[in-house]
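The values are calculated or read from the model by the stated rules, or taken from the named source; none is laboratory data. This structure is a prediction, so every number in the text was calculated from the model and none was measured. A quick note on method: Cβ atoms are made from the backbone with ideal geometry, for glycine too, and the neighbour counts reach across all protein chains shown.
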Amino acid sequence: MVNGLNSLGIAKPPSETRVVAAMSGGVDSSVVAALLKAQGYDVVGITLQLYDHGVAIQKKGACCAGQDIHDARNVADQIGIPHYVLDYESRFKEQVMEDFADTYLSGSTPIPCIRCNQTVKFKDLLATAHDLGADAMATGHYIRREQGHNGHGELHRAHDDSRDQSYFLFATTQEQLDFLRFPLGGLPKTSVRELAEYFGLPVAQKPDSQDICFVPDGSYAKVVERLRPGSGRGGEIVHLDGRVLGKHEGVIHYTIGQRRGLGVATGEPLFVVKIDAPNRRVIVGPREALLTAGLAMEELNWLGEGTLEEACERQARALIRVRSTRPPKPGHLGWHNGQPAVFFDDPEEGVARGQASVLYSADDETRVLGGGFISATIPADERMVA
């Protein structure tokens, strides 16, 4: 105890502090549960059963499938904590899988992992943790929660950049952040594996899942077609200059920035620059057509100082990340057609509607200020399609 607070920042002895550990059956969440138990906390493990087996195709290594539930239960038994499995199949299908299909069909590019964190995990599961009388909920995400000067939690990037999951957690609200804890945010993956070995966990060598949990072999189109029969209707591949270059078998097979697999040849490198879903057209053009000066956002979550509106009015500086695999780029906040927007100092490439725009502090580059989903792009060259 330091200044009357335990290691989770709660003014209770660990033995009197109930923590719900979200256990997916993987090594990360298992180590979190084992660490908290070893530190003397009153730990309750919860695993979510997410799959609607009539829609999803399970695959080895996917989280929250049958084997993972079995693995989570074994870990809970070994470390001596109660463990519950909650059937969230219908919620997951409605809030994550259905949204995934509809977003693709609208011509946007979904991020189901963010939707899952935003709805099922950090909304529904958090409510269950409160019902169980928990003082906090802990997860195996690689992100840091720091105590701010105002007494509220701040969201910061993980120390291990190669594992950082801040892009996928921008929608975490302040109320949720005050209740959540992320014990692995300051550790590299190698240390987590070592801890799993130290605790003798049966999942110590279990491989990480790399794909979206309900998408078999990375085939997004197959899942969309299964959820929305008939969604694979074909259309035209059209150049920016208006030329019809060929046919395609459904817009769900394409995403902004794609170059391979277009099935057309003109002697110049071509990229998907827009998906016109209502007219079933895939628009292609040169690489420079992908350059974006800025973007508008919807479903904003703001964790910075003051209000989002104030930050837009003063054109606050920020670092902006538009894909999880890209470093943030400098720019500023503002307005575009009445919507909150960000503008890059130098154009960004391949920005897609439906993806996330995550904002980091320009002063403290690790701090997450929030973000939103990209609703519109502002071309670097106004002659190019938006």
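Observations, loosely collected:
- Complete set of residues in the stretch 164-188 that are in a loop (DSSP other than H, G, I, E, B), surrounded by 19 or more Cβ atoms within 10 Å (Cβ to Cβ) and not β-branched (Val, Ile, Thr): 164, 165, 170, 171, 182, 183, 184, 185, 187
- Residue 339, sole failed condition from (1) surrounded by fewer than 22 Cβ atoms within 10 Å (Cβ to Cβ); (2) modelled with pLDDT of 95 or more; (3) not hydrophobic (A, V, I, L, M, F, W, C): (2)
- Strands (runs of 3 or more DSSP E) fully within the stretch 227-313 counting 3 or more residues that are farther than 17 Å from residue 106 by Cβ: 235-239, 244-248, 291-302
- Leading residue by the ranking (nearest to the chain's Cα centre (by Cα)) among those in the stretch 260-283 that are over 19 Å from residue 354 (Cα atoms) and modelled with pLDDT of 90 or more: 270
- Any hit, the stretch 127-142, residues being modelled with pLDDT under 90, of a type in the set (Phe, Trp, Tyr) and closer than 21 Å to residue 168 by Cβ: no
- Scope the stretch 83-111; condition of a type in the set (S, T, N, Q), under 24 Å from residue 324 (Cβ atoms) and over 17 Å from the mean Cα position of the chain (by Cα); matching residues: 106
- Condition met for residue 19 (assigned by TED's automatic domain parsing to the domain that holds residue 181 and over 15 Å from residue 77 (Cα atoms)): yes
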